[in-house]
Amino acid sequence: MRLLNLLRRYKKAVFKPQDSLLEIRINGRQLNENIDRFRELFPRYQLAAVLKSNAYGHGLGEIGKFLDKKKEINYLAVDSLIEAITLRDNGIRKPIMILGYVSKKNITQLKDVKNSVLLVNSLDQAQFLSKTVDFPLTVHLKVDTGMNRQGVVMEDLYDAIDSLLKNKKIVVSGLASHLADADSYQGEKTSEQIRTWKTAVAVFKKFELKGSFHFSATAGVKFLNSAESNLIRAGIGIYGFDTTQDKCLKVKPVLSFWAKLVNIKKVKAGDAVGYNFTWTAKKDTWLGVLPCGYYEGIPGALSNQGYVYWKETPLKIVGRVSMNLTSVDITPVKDEIKIENRLEVFSDDAEKLNSVSNVAKACGTIPYEILVRLAPTIRRVVD
């Protein structure tokens, strides 16, 4: 509880400048269109919008407030208790699903998160809750169907449900799982998981329980008709990244990242730039300096190979990306650019060199990792 109070105090004390050097913009119109696309494709399913990890870097509070008004969204899903409490502290009232583990010492704090659902991930957790919970608590059982990560193992599922039902304060209202290989064209492992899921549903129904059945995140929507399911956990998909095998969603990215130039200087041919002098000017060159680096979320792997944009002109990153500074070659636009002009660091246009998908490819990683590493201190604006 002390940690939560400190975080709340910090949030109130954070300096809010009138004009930000850095800004992450969320395209609200496109976010609506992405949600509408899920609704069009899967009208019979409830939607849980996943907001874990600062809403995949898009801003937990900002996205939470936006989605709180959307009747198309049935749940907001988070990973942790602190994320759930943060949503409630921001006045967000929609039902919250807590996907991750809540420590035994913190279980009583679930009282402060009204209208929430906790995923139970092991027999040990189920038994602890059964013995100690003395307040109304709604849970879903998460069953491990083969990913071998979170979830009650199949041989413990019956005992876990039975244990929870012995506590009359606890309402068991759903069953969940997660597909490990849904985005792969080799579907053997997914088929095995689906078969195990069907067995788990049969065990669940032996207790004459009803409610939510969900095993699909964005990548798994292809398998919705393979087994009983009535809810989708839509994470990366609503933010505009289609991880399905057949790219059926037709969603578009909603996030762009902008930074103001804070310095402009001319370097002569032969001059080197940045730590360890990894880039040397072959001719007289104009450089612009951006007040963001790997702390703010620009991967170090973009050193000497990444791009930012001035309008439609790509400008190459030169030298090593530093902790809070990045240099770019602005020579092509020198006559039209000035200090405090805003450059586009990451684009919501998937075709640009600095789109999150293309940045991820350049860095040998996935868009998720680029997004969640955007510093939470950067101002987010939904427009």
(message) Let me confirm something: among D156, D181, which residue is acidic (D, E), more than 20 Å from K104 (Cβ to Cβ) and surrounded by 14 or more Cβ atoms within 10 Å (Cβ to Cβ)?
(response) D181
(request) Quick one: in the range 159-177, of everything that is closer than 22 Å to K222 by Cβ and touching a residue at least 40 places away in the same chain (Cβ under 8 Å), which residue is surrounded by the fewest Cβ atoms within 10 Å (Cβ to Cβ)? (result) G174
(message) I'm checking my understanding of the structure. Among residues of the range 21-49 that are of a type in the set (A, V, I, L, M, F, W, C) and not in a helix (DSSP H, G or I), which one is farthest from the chain's Cα centre (by Cα)?
(response) L21
(message) So R2 passes all but one of these: (1) among the basic types (K, R); (2) modelled with pLDDT under 95; (3) under 21 Å from I378 (Cα atoms). Which condition number does it fail?
(response) (3)
(request) Only residues in the range 244-255 that are touching a residue at least 60 places away in the same chain (Cβ under 8 Å) and farther than 15 Å from A350 by Cα count as the first member; pair them with residues that are part of a loop (DSSP other than H, G, I, E, B) and not hydrophobic (A, V, I, L, M, F, W, C), Cβ under 9 angstrom, at least 6 apart or cross-chain, and list the lot. (result) T244/D183; T244/G237; Q245/D183; Q245/S184; Q245/Y185; Q245/G187; C248/D242
(request) For the range 117-145, name all the residues that are surrounded by fewer than 21 Cβ atoms within 10 Å (Cβ to Cβ) and either over 18 Å from K166 (Cα atoms) or of a type in the set (D, E, K, R) (or both). (result) D124, K131, D134
(request) Scan the range 278-296 for residues that are buried (at least 23 other Cβ atoms within 10 Å of the Cβ) and part of a loop (DSSP other than H, G, I, E, B) and report the count. (result) 2
(request) Provide a single number: the residues in the range 206-226 that are touching a strand residue (DSSP E or B) at 6+ places or on another chain (Cβ under 9 Å) and either of a type outside the set (S, T, Y) or farther than 17 Å from M147 by Cα (or both). (result) 14
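Among the residues of the range 303-312, are any at pLDDT 95 or above, under 29 Å from the mean Cα position of the chain (by Cα) and on the phi > 0 side of the Ramachandran plot?
Within the range 303-312 (the criterion being at pLDDT 95 or above, under 29 Å from the mean Cα position of the chain (by Cα) and on the phi > 0 side of the Ramachandran plot), the answer is yes, since at least one residue qualifies.
Which of the residues belonging to the range 131-163 are small (G, A, S) and either out of contact with any Leu (no Cβ under 6 Å at 6 or more places or on another chain) or assigned to a strand (DSSP E or B) (or both)? Before the answer, list the steps.
Applying the first criterion (small (G, A, S)) to the range 131-163 yields 146, 151, 160, 163.
Across the range 131-163, the qualifying residues are G146, G151, S163.
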(request) Working only within the range 58-84, note down all residues that are more than 28 Å from K104 (Cα to Cα) and either outside the structural domain of V120 (by TED's automatic domain parsing) or in contact with a Leu (Cβ under 8 Å, 6 or more places away or on another chain) (or both). (result) H58, I63, F66, L67, D68, E72, I73
(request) Could you tell me which numbered condition G288 fails, if it satisfies all but one of (1) in contact with a helix residue (DSSP H, G or I) (Cβ under 7 Å, 6 or more places away or on another chain); (2) under 16 Å from V273 (Cβ atoms)? (result) (1)
(request) Go through the residues of the range 243-261 one by one and say whether even a single one is closer than 18 Å to V143 by Cα, crowded, with 19+ Cβ neighbours inside 10 Å and at pLDDT 95 or above. (result) no
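The values are calculated or read from the model by the stated rules, or taken from the named source; none is laboratory data. Since the model is a prediction, treat every value here as computed from it, not as a measurement. Methodologically, a virtual Cβ is constructed for each residue, glycine included, from the backbone with ideal geometry; neighbour enumeration extends over all protein chains shown.
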